[in-house]
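Asks: Structure below; questions to follow.
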Amino acid sequence: MDMFAIKYLQTLTDPNVDEIGDYEALVIVQSAGFTEGEVLLYEKLQMTPLLLEQYAKDGGDRARRQMLAMCRSDPELLADVLGYFVVMAAQKSGLEGHVDNESITSDNEAEEILEDIRETLLMARDQGVLPPARIARILAGEGVGQFSSDQPTRFNGSGHSVPLSVALDYVGDILDESSKDISRLRSDVEEYTQLCNSMEAEIDSLLSASALHAPPEDVLKSPLAHVNIEEMYNTVRETIEDTAVYVSNSENIQEEFWRDMNHSEDRFDTIAHYFGKGIMK
């Protein structure tokens, strides 16, 4: 990095410098092709898609580490990061020609990227955000979309894919989990079937017992067979309520009678009064 870039980075990171805004600074660094400044401003402005794209263009180990770190903090980025890694691995491993230091370095970088893909797949398994079918489409180079490969050209259209061996651990774990789920569901279905059969047998038994103990026809024709239980219950309940009211009134009359008797000068007159009103019999 030249002295100009270092000085410009210091200017961008200096909180006391307010000469231009962040968006104006972004336009300037983009026009100048100042990649480090772009990354810094993308991080500051939280422009995640552009930041991921810039890290993917870099392709270095530090950039890939940053991409993985972003996935850990935001699982929704897994599809994009995995798509970038697939393209990067395919580009690195697709170099052909004579063997020299550059091709050896590219092979080493491709293996490192494949290892990053394995790490991303383990992260995807643990987080459970991406369906396995979608991950398979990404690894096959069909894009990061959920249902189709209609995605930007940086993800597809060039036959980018990775070897199946990269996903063996992920696929094996998914198959094991699916097998356990299938076994559990089969057990649940068998238990449910047994419960249904038991209930059906119990219903048949009750129906058979009901048919055997059905009342004779003359009993069904008797008046007692058509008694309205609800009506009888309401009648009894009304009688109980009336009785309760009667008892309460009687108690009140008795209290009133004895109170008058205690305050009366002529008790016979009081008694005659109550008999005359028909209260006492």
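Asks: Could you work out the local net charge near Thr48, counting Lys and Arg as +1, Asp and Glu as -1, over the other residues with Cβ closer than 14 Å to its Cβ?
Replies: -4
Asks: By count of other Cβ within 10 Å, fewest leading, how are Cys71, Cys196 ordered?
Replies: With the sparsest Cβ surroundings first, the list reads Cys196, Cys71.
Asks: Right, another one. Please rank Arg64, Arg125, Arg186, fewest neighbouring Cβ atoms within 10 Å first, as an exposure proxy.
Replies: With the fewest neighbours first, Arg64, Arg125, Arg186 line up as Arg186, Arg125, Arg64.
Asks: If you rank Lys92, Lys180, Lys44 by fewest surrounding Cβ atoms within 10 Å, what's the result?
Replies: Lowest count first: Lys180, Lys44, Lys92.
Asks: Modelled label-to-label distance, Glu112 and Ser187, 7 Å Cα→beta-carbon offset: nm?
Replies: Output for this residue pair reads 4.6 nm.
Asks: Could you order the peptides 164-177, 48-61 from most to least packed, using the average number of other C-beta atoms within 10 Å per residue?
Replies: The packing order, highest mean first, is 48-61, 164-177.
Asks: Let me ask something else about it. Pulled fully out, how much extra length does the chain show between Asp176 and Val129, if you take 0.36 nm times their separation in residues and subtract their Cα-Cα distance?
Replies: Gain on stretching Asp176 to Val129: 15.1 nm.
Values in this text are rule-based calculations from the coordinates and carry no lab data. From a predicted model like this one, the values you see are computed outputs, not experimental measurements. Every residue, glycine among them, receives a Cβ derived from its backbone with ideal geometry; neighbour counts consider all protein chains shown.
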